Amino acid sequence: MRSDFLTTGPVVPQFEQAIATYCGAEYAIAANSATSALHIACMALEVGPGDYVWTSPNSFVASANCALYCGASIDFVDICIDSLNIDVICLADKLAEAKKTGRLPKVLIVVHFAGVPCNMPEISSLAKKYGVRIIEDASHALGASVAGTKIGSCDYSDITIFSFHPVKIITSGEGGIATTADRDLAKRMERLRSHGVVRDVDQMTVAEPEVWYYEQLELGFNYRMTDIHAALGLSQMARLDMYNASRRDLVRRYDEHLKKLPIRIQKRDIKTSSHHLYPVQFSSAAMRETVFYHLRQKEILVNVHYIPIHRHPFYQSLGFKENDFPVAEEYYSKAMSLPLFPSMTEAQQNAVITQLQDILL
Ligand SMILES: *Cc1c(COP(=O)(O)O)cnc(C)c1O
């Protein structure tokens, strides 16, 4: 607050550098939300009218909306009931089919649901085979890793997006960031987040501009992060690994105490996931409903992630039908996320476990 800068000043690049260093990324471009970052990521990959973008139906609507902002068409790849991420077999089949009909997507947006990384090596080799670019929506996955590399390094993708909304792994109030290993994509996103305006001589159309001169090269936005938000994010970076370690310990404890209950947990490697959520599946929709209202009545704030994107009225109006992605729907009908946050005490967790045991055993 005592700094001369309130909006983009010296702290935004410091925060960008901290994220880039942490993830092993070449470049990081901060924005005022992950949604904005997803939008400029799609634009940097030249998503536009006539293009297709595919994503997971088991996500927040922002994972799909970004393609529509660019005038592209969206489609979904159903999930695997174990990982709750895009099913690689479905993806392979859908790509083969799309190639035949000439409707291959330009971009695939994978979502690391609950912080569990998608199978990036396989997804990336499929994408290479078909010439599809990849954006990782890693809003849940700061600190997670896959095949020995941190999510955000972009070893298996073109661009990775993180969210710093208060419910996510760390927060800046509101905020998001795009990481990439590609200098041109980084430059493009940097200018799109600020009106499409450039001040670097090497990006201008004139050779020797006057000192006051700047140029707008394309239609961008004001998606800038402020220094105030960046300072909040930067201070949280110091606690990131501690937060994730707490989440991991809580997950191990849930796993241990819930294993005798008739619920199904997400298939994941505890060590490499960032555990944004602890999603469980009950044996039926009726059981989920009973448990949900029982816990809510006890003031335990359980939630449901996610209403499949194509089930929203807006997406139905685009032509998606109720049973288009049956696995995502099946999961949604029985799903519930248990409370999970780094400062959760053992007593708080025990209260959740006891209530679940009472109602399910
Ligand atoms: C939260 C979230 C977003 C949007 O993040 P904002 O920073 O709120 O714009 C996008 N995708 C997923 C998967 C999310 O969980």
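Some values worked out for this structure:
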quantity: Single residue of region 129-140 satisfying the filter (of a type in the set (D, E, K, R) and part of a strand (DSSP E or B)) that is farthest from the ligand (Cβ to nearest atom); calculated: 133
quantity: Test: residue in region 42-56 that is among the aromatic types (Phe, Trp, Tyr), surrounded by fewer than 22 Cβ atoms within 10 Å (Cβ to Cβ), within 16 Å of the chain's Cα centre (by Cα) and within 16 Å of the ligand (Cβ to nearest atom); calculated: no
quantity: Unique residue being crowded, with 19+ Cβ neighbours inside 10 Å and under 21 Å from the mean Cα position of the chain (by Cα) when the list is 109, 81; calculated: 109
quantity: In region 141-167, the residues that are open to solvent by 40 Å² or more (accessible area, probe 1.4 Å) and either near the ligand (Cβ under 10 Å from one of its atoms) or touching a residue at least 24 places away in the same chain (Cβ under 8 Å) (or both); calculated: 147, 150, 155, 156, 165, 166, 167
quantity: Residue count, region 168-185 (criterion: surrounded by fewer than 21 Cβ atoms within 10 Å (Cβ to Cβ) and part of a helix (DSSP H, G or I)); calculated: 2
quantity: Sole residue being out of contact with any strand residue (DSSP E or B) (no Cβ under 7 Å at 6 or more places or on another chain), open to solvent by less than 30 Å² (accessible area, probe 1.4 Å) and assigned to a helix (DSSP H, G or I), chosen from 114, 98; calculated: 98
quantity: Output for region 60-75, where each listed residue is over 15 Å from the mean Cα position of the chain (by Cα), crowded, with 19+ Cβ neighbours inside 10 Å and either more than 22 Å from residue 44 (Cβ to Cβ) or within 13 Å of the ligand (Cβ to nearest atom) (or both); calculated: none
quantity: Any pair with Cβ under 8 angstrom, 6 or more apart, that starts in region 209-223 at a residue that is without any contact (Cβ under 8 Å) to a residue 24 or more places away in the chain and ends at one that is open to solvent by 100 Å² or more (accessible area, probe 1.4 Å); calculated: 214/199; 215/205
quantity: Condition met for residue 255 (of a type in the set (Asp, Glu) and either under 24 Å from residue 80 (Cα atoms) or touching a strand residue (DSSP E or B) at 6+ places or on another chain (Cβ under 7 Å) (or both)); calculated: yes
quantity: Given (1) free of Cβ contacts under 8 Å to residues at least 24 places away in the same chain; (2) touching a Ser or Thr at 6+ places or on another chain (Cβ under 6 Å), number of the condition residue 267 does not satisfy; calculated: (1)
quantity: Search result, residues across region 238-259 that are in contact (Cβ under 8 Å) with a residue 40 or more places away in the chain, within 22 Å of the chain's Cα centre (by Cα) and open to solvent by 30 Å² or more (accessible area, probe 1.4 Å); calculated: 239, 241, 242, 243, 246
quantity: Criterion: within 16 Å of the ligand (Cβ to nearest atom) and open to solvent by less than 20 Å² (accessible area, probe 1.4 Å) - qualifying residue of 28, 20; calculated: 28
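The values are calculated or read from the model by the stated rules, or taken from the named source; none is laboratory data. Fair warning: this is a prediction, and the values are worked out from it, not measured in the lab. Here the Cβ is made from the backbone with ideal geometry for all residues, glycine too, and neighbour counts use every protein chain on show. Keep in mind that these areas ignore ligands, DNA and RNA; they rest on the heavy atoms of the full protein, side chains included. Shrake-Rupley method; radii C 1.70, N 1.55, O 1.52, S 1.80 Å.
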